[in-house]
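Read the structure below first, then the notes.
The values are calculated or read from the model by the stated rules, or taken from the named source; none is laboratory data. This structure is a prediction, so every number in the text was calculated from the model and none was measured. Here the Cβ is made from the backbone with ideal geometry for all residues, glycine too, and neighbour counts use every protein chain on show. Each accessible area value is taken on the protein alone, full model and side chains, heavy atoms only, with ligands, DNA and RNA left out. Shrake-Rupley method; radii C 1.70, N 1.55, O 1.52, S 1.80 Å.
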Amino acid sequence: MENKLIKPYESIDDKVKQKLTKLLFAGSVGNVVQSNEIEEAPMIPSLRCRMEEHLSTEYDLSNKQVEAMVVIGCNDIKKNLAEIADIVDGNHGTSLDFEALRKAAHSLKGVLLNLGLKGEAEETKKIEDAAKDGKEIGSVEKILAIGNDL
C-alpha cells in the first residue's frame, strides 16, 4: 500500500522532487517522514495564492496571464493603499477629505473584488460607506495591512 502512495512521487524529475520535499517537509528519512519534522502550513492562504486561484478559475486564464494580472493587481492595490494612507495621514488637524477617501476606497474595493479578495473588499466598503456618509472612520490599519501581505 505504501509503495502505491509513493510511486507517483518517484516519477517526478529529481529537481522538482527536491523542491517539493523541501517545501512539504522539514526533513525525511528515506520514504518515511518523521511526524515532528513536518512544517506547519499557514492556516490562511496568502493573498497572492487566493488571487491566482480566483483568476485561473473564474477567468480561465493561462499561468502567464494569471502572473501578469497578479503583478498588475498588486501594483494597483499598493497605489490605492498609498492614496488612502495619504488622505488619512495628510489631514493633520484639518477636516478629512471624505470625498477623496470615498473615491480611493471605492477604487480599491473594485480592484480587490476583481482579484477575488472579497473579505478585504468588504472591509474596504466599510471605509467607503463611512466616507460617503461623512462619518468619522475607524482605523484603516486593517486595510493598510493588506500591503504587507503582497
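Restricting the search to region 46-69, which residues are closer than 23 Å to GLU141 by Cα and open to solvent by less than 80 Å² (accessible area, probe 1.4 Å)?
Narrowing region 46-69 to residues closer than 23 Å to GLU141 by Cα: 46-51.
Across region 46-69, the qualifying residues are SER46, LEU47, CYS49, ARG50, MET51.
Give me the helices (runs of 4 or more DSSP H) completely within region 88-146, filtered to those with at least 2 residues that are modelled with pLDDT of 90 or more and surrounded by fewer than 17 Cβ atoms within 10 Å (Cβ to Cβ), ordered by residue number. Step through it out loud before you land on a result.
Working: elements: 98-114, 118-132, 141-144.
Per the criteria, 98-114, 118-132.
Across region 46-70, what is the number of residues that are in a helix (DSSP H, G or I), free of Cβ contacts under 8 Å to residues at least 60 places away in the same chain and under 20 Å from GLY119 (Cα atoms)? Step through it out loud before you land on a result.
Initial filter on region 46-70 (in a helix (DSSP H, G or I)): 47-58, 63-70.
Then drop every residue that is not free of Cβ contacts under 8 Å to residues at least 60 places away in the same chain, which leaves 49, 52, 56-58, 63-70.
Now restrict to residues that are under 20 Å from GLY119 (Cα atoms): 49, 52, 56-58, 69-70.
The total comes to 7.
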